Amino acid sequence: MATRPTTTSTPPGVRDAVVVGGNRIPFSRAGRRYADASNQEMLTAAIEGLVARFGLQGERLGEVAGGAVLKHSRDFNLVRECVLGSSLSPQTPAYDVQQACATGLEAAIAVTNKIRLGQIDSAIAGGTDTVSDAPIAVGEGLRRALLEASHAKTLQGRLKALAKLRPADLKPLTPSTDEPRTGLSMGEHQAVTTARWGVTREAQDEVALASHRNLAAAWDAGFFDDLVTPFRGLTRDDNLRADTSLEKLAALAPVFGKALAGAGEATMTAGNSTPLTDGASAVLFASREWATEHDLPVLARFVDAETAAVDFVHGQEGLLMAPAHAAPRLLARNGLTLDDIDFFEIHEAFASTVLTTLAAWEDDEYCRTELGLTGPLGKVDRARINVNGSSLAAGHPFAATGGRILATAAKVVAQRAAETGAPARALISICAAGGLGATAILESA
């Protein structure tokens, strides 16, 4: 058996980027507590909670990066507006990032690279999303008529443009996350992948049950006490079902994959799929030197990251399988194997997303033909996956999920290292629309 590396090394000429801490607001199912809360309000609250926790009032940070998947046109400079609404110095630069559900992690990759290169000393990465306050656009016919009217030089010209309108043009366009190139929802895409890998309903419900039980136990143990700030009277994620059971999950009717010809019984339900959710999260990163100068704790080192994309359009690969491709490259670049990872934070877009990823890494032929490996990547001990619950229980405000997972992973490796006196490591895996995926490794500092 190969000797496990005690710690990974930082390349010459590059300094460490570390996680100081994280903060999020409790996640809430769409249409509930945050029904009239905007992305700007929620992300500002998440950032402000981080500022209060670490005494950053008036501090000029290197930068703040983040974003939202669904946002209004007025939010073209969303993160900068959130900074201006916070207690941070108004001289803190900020910008928006968008990589679907990997937005929060991609923002973290961007700012930690700048810290590692010495371009900045501190940064916040985060994200926010609201389905309750999602933008609703006008139809294409109305949009064209309004633009033509606005460009007209005369009243007659404006009236002529508006006269082209038909009743059907007045129908609004509601937001959608369906894939533009296939017209299929994320759930329908995942149903195809689930059937391809033969993942059972029972296995998916077991993942969902573990997510709720682990998240409930973490809340009860106080794990989130320094990771979450109450918002609008909500103190815990309101999607959490601590009393759910396999029997209750088994009673739910399938919602995705019902039209799949020859795919057998549909297996994906509302119980083993993430609900539409509102929420926001933020994570504070720094160089070790900056953290020391500000007398702040260091939870973990941001070791490295890898992103991937797959061809789901032509059916070669499942829409949400990109992290299965990214993780082997990330591990190899850092001289690690799955056995070197203490904790796995695999985003539960659907329970079957976790299971198809694990199945892929265990499959000899898939690893050889699709991942270019010499054999299976390996098997992951289920007891090391999402030990404090994940998206099925907490909910999934798209761009906020990365920050939630990063803060959770940083704290869990710090706790393990404190308990054992040995380094601890976490692998983060987040799938995203568009056949995208992002992965990262955190290591106790």
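Counting Lys and Arg as +1 and Asp and Glu as -1 over every other residue whose Cβ lies under 15 Å from the Cβ of L84, the net charge comes to -4.
With a Förster radius of 25 Å applied to the C-beta separation of E265 and T374, the computed FRET efficiency comes to 0.10.
At the residue level, R416 shows approximately 80 square angstrom of accessible surface with a 1.4 angstrom probe and all protein chains present. Projecting the Cα atoms of F302, H325, T292 onto the charge dipole of the stretch 216-372, computed from C-beta unit charges around the Cα centre, puts H325 farthest toward the positive end.
Rolling a 1.4 angstrom probe over the protein heavy atoms with all chains in place gives the stretch 130-250 an accessible area of 58 Å² per residue. Counting only Cβ charges, +1 for Lys and Arg and -1 for Asp and Glu, the dipole size of the stretch 68-189 around its Cα centre is about 740 debye.
If Lys and Arg each add +1 and Asp and Glu each add -1, what is the summed charge of the other residues whose beta carbon sits under 13 Å from the beta carbon of R116? Neighbour charge sum, excluding R116 itself: 0. Along the charge dipole of the stretch 51-173, Cβ charges K/R +1 and D/E -1, which of L162, A52, V79 sits furthest on the positive end? Sorting the options by dipole projection puts first L162. The residues of the stretch 10-95 have, on average, 39 Å² of accessible surface per residue, using a 1.4 Å probe with all protein chains present. Note that the stretch 138-271 carries a Kirkwood radius of 19.7 Å, evaluated over its alpha carbons pair by pair. Each Lys and Arg contributes +1 and each Asp and Glu -1, all at the Cβ; summed about the Cα centre of the chain, the dipole is approximately 1260 debye.
Residue-normalised convex hull volume from the C-alpha trace of the stretch 329-436: 112 Å³ per residue.
Solvent-accessible surface of the stretch 374-445, taken per residue with a 1.4 Å probe and all protein chains present: 26 Å². Ellipticity at 222 nm from helices only: DSSP H runs of n ≥ 4 in the chain, each -39500 (n - 2.57), divided by the residue count, give -10500 deg cm²/dmol. Counting only residues at least eight positions apart within a chain, or on another chain, the aspartates and glutamates with an alpha carbon under 20 Å from that of K71 are D36, E41, E81, D96, E106, D129, D133, E140, D178, E179, D278.
Two numbers describe the Cα atoms of the stretch 275-348: Rg and Dmax, which are 17.0, 52 Å. In this Cβ point-charge picture (+1 for Lys and Arg, -1 for Asp and Glu), the stretch 272-379 has a dipole of about 120 debye about its Cα centre. Beta bridges from DSSP with both residues in the chain: antiparallel share about 75 percent, rounded to the nearest 5.
Positive end of the dipole of the chain (Cβ unit charges, origin at the Cα centre): among G141, L246, V313, the Cα lying farthest that way belongs to G141.
Taking the average, over residues, of other Cβ atoms within 10 Å as the packing measure, peptides 205-212, 167-174, 309-316 rank 205-212, 309-316, 167-174 from highest down. Rolling a 1.4 Å probe over the protein heavy atoms of the chain, with every protein chain left in place, gives an accessible area that is 53 percent carbon and sulfur.
The values are calculated or read from the model by the stated rules, or taken from the named source; none is laboratory data. These numbers come from a predicted model, not from an experiment. FYI the Cβ positions are ideal-geometry reconstructions off the backbone, even for glycines, and counts take in every protein chain you see. The protein model used for the area step is the full one, side chains on, heavy atoms only, and it has no ligands, DNA or RNA in it. Shrake-Rupley method; radii C 1.70, N 1.55, O 1.52, S 1.80 Å.
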